[in-house]
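The values are calculated or read from the model by the stated rules, or taken from the named source; none is laboratory data. Only a predicted model underlies this, so the values are computations on that prediction, with no experimental measurement involved. Here the Cβ is made from the backbone with ideal geometry for all residues, glycine too, and neighbour counts use every protein chain on show. When the accessible area is computed, the model is the full protein with side chains, heavy atoms only, and any ligands, DNA or RNA have been set aside. Shrake-Rupley method; radii C 1.70, N 1.55, O 1.52, S 1.80 Å.
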Amino acid sequence: EQRYRNVVEDQTEFICRFLPDGTHVFVNNAYCRYFGLTRDEILGHRFRPNIPAEDKELLERFYTSLTPDHPVDIIEHRIIMPDGRTRWQRWSDRAVFDPSGTVTEYQSVGRDITEHKRAEEALRESEAKYRILADTSPEMIYLIDPEGRIQYVNTSSARAFRTTPEDLVGKQISDLFPPDIALNHLEGIRKVISTRQPVIHEIAEVLPSGKIWIEVRLSPVIDHENRVIGVLGLS
């Protein structure tokens with residue numbers, strides 16, 4: 001028992017056990033440090049962190065959803081710290097049931113994910129700004145995956161084909177151009193993927209308005225795992 005207790009106490013995650021009425025029966029050091037309280041201030045008490053009202057409703061539904069057939073789940077919610085700051089937490093909760101199916105205890109393992117949430121929000125804001133710039137650009141901008149499938153097109157690209165962006169997304173390059181033109185375009189895409197370097201080439205595009213020659217600038221789009229997930233085209 002002491003061996004396992006040492007393992008639990010050494011964890012950086014918050015670990016606790018509490019009864020359905022909120023009375024805590026176990027907390028580890030990380031849990032106490034995070035909330036700035038001692039074990040004596042938590043154990044045996046109905047310790048309830050300060051949680052925003054809308055998140056309380058989410059938590060109530062979450063705990064209600066735990067059943068003998070579905071005893072474990074994960075939830076993310078906000079918490080208001082004693083100094084007034086709002087932070088995010090992710091918890092993995094297990095409900096413990098007696099033979100009659102009544103909840104007798106909850107076991108929870110959690111961690112602070114505030115920085116992760118902030119990074120996600122910053123990314124969403126950044127993506128929204130760049131999407132607005134791309135959608136309002138007079139140049140044709142599009143994103144193609146390594147298989148030659150269109151993942152994104154801006155309004156100018158769709159306008160050139162006299163259709164909507166939604167209609168073009170998911171189509172193959174070969175669906176839009178004659179074989180020789182599609183092959184030329186795909187060769188440029190493959191070169192970008194293999195070299196991971198931008199490529200500039202000229203292709204002929206057959207639009208509803210007629211055949212035109214345009215200069216295409218292709219750049220690799222690389223994700224956090226250093227994989228080429230697409231090629232961004234600017235015409």
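Spacing of the modelled spin labels on Arg196 and Thr136, each 7 Å from Cα toward Cβ, amounts to 3.5 nm.
Per-residue surface analysis assigns Ile193 an accessible area of about 50 Å², computed on protein heavy atoms at 1.4 Å probe radius. A cut-off under 13 angstrom between Cβ atoms defines the neighbours of Asp167, and their net charge, with Lys, Arg +1 and Asp, Glu -1, is +1.
A full extension of the chain between Arg124 and Asp167 corresponds to an added length of 13.1 nm, given 0.36 nm per residue minus the alpha carbon distance.
Within the chain, the longest run free of exposed loop sites, counting trypsin sites (Lys or Arg not before Pro) that sit outside DSSP helix and strand states (H, G, I, E, B) and have at most 16 other Cβ atoms within 10 Å, spans 1-84.
Taking a Cβ cut-off of under 15 Å around Thr104, the surrounding Lys, Arg, Asp and Glu residues balance to a net charge of -2, with basic ones at +1 and acidic ones at -1.
The slack between Asp21 and Ile113, meaning 0.36 nm per residue of separation minus the straight C-alpha distance, is 30.5 nm.
Shape analysis of the range 25-146 yields a ratio of the Cα radius of gyration to the Kirkwood radius, Rg/Rh, of 1.15. Taking a straight Cα-Cα cut-off under 12 Å and skipping sequence neighbours fewer than 8 places away in the same chain, no aspartates and glutamates fall within cross-link reach of Lys191. Between Arg48 and Glu147, the modelled labels are 5.0 nm apart [label points 7 Å from Cα along Cα→Cβ].
Expected output is a single nm value to one decimal: the length gained when fully extending between Leu183 and Ser92, i.e. 0.36 nm times separation in residues minus the C-alpha distance. What is it? Don't skip to the answer; put the middle values down first.
Values: separation 91, 0.36 × 91 = 32.76 nm, distance 5.00 nm.
Gain in length upon complete extension: 27.8 nm.
Only protein atoms count toward the accessible area here, which uses a 1.4 Å probe; on the range 143-184, the carbon and sulfur part of that area reaches 52 percent.
Dividing the Cα radius of gyration of the range 118-184 by its Kirkwood radius returns 1.06 for Rg/Rh.
Compactness of the chain, taken as the C-alpha radius of gyration over 2.2 N^0.38 Å, stands at 1.55.
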